[in-house]
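Worksheet for the structure shown next.
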């Protein structure tokens, strides 16, 4: 049994949950306002080294979001190229489709460039995060519940696996 996709899925889902918690903290301390409407940069030397605690929290949230986003892309690519069950593909596809929406909503909470107010933008940002998290939970759960790591077996694979199990 190939555990690599399961581990990728569990790591991505866990990191997404941590990012949501970090995002709630970021919004609660007003760290999104610490960057003075400078996105993707912030205060500090060349915009890279945060000058205050709220700036650090905002930057850390962005860093974790970047890593999480890359893992979501990797998970979706692995699901689609790895021959996994269509439900896993669909769930990872939902997370992947909403990823750029999430990035734009996150930028809007700092910049306010859309014709919606920041509280509405933050609410949409959080709701989209929950939607993506839910899709990742579904994909991760299916990868553990479905036989053979959630891969779709062809008839040749099924016969070979049945014969291999009979030998054990």
If I model a spin label at residue 127 and residue 70 as a point 7 Å from the Cα along the Cα→Cβ vector, what separation in nanometres do I get? 3.1
Please give the contour-minus-distance gain from residue 20 to residue 53: 0.36 nm per residue of separation, less the Cα-Cα distance, rounded to one decimal in nm. 10.0 nm
What spacing in nm lies between the two simple spin-label points modelled at residue 81 and residue 6, each 7 Å away from Cα in the Cβ direction? 2.3
Residue 90-residue 146 pseudo-label distance in nm [points 7 Å out on the Cα-to-Cβ vector]: 1.1
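No lab work stands behind these numbers, since they all come straight from the coordinates. Please read these numbers as outputs of a predicted model, since none were measured by experiment. Heads up, the Cβs are rebuilt from the backbone with ideal geometry, glycines too, and the neighbour counts pull from every protein chain shown.
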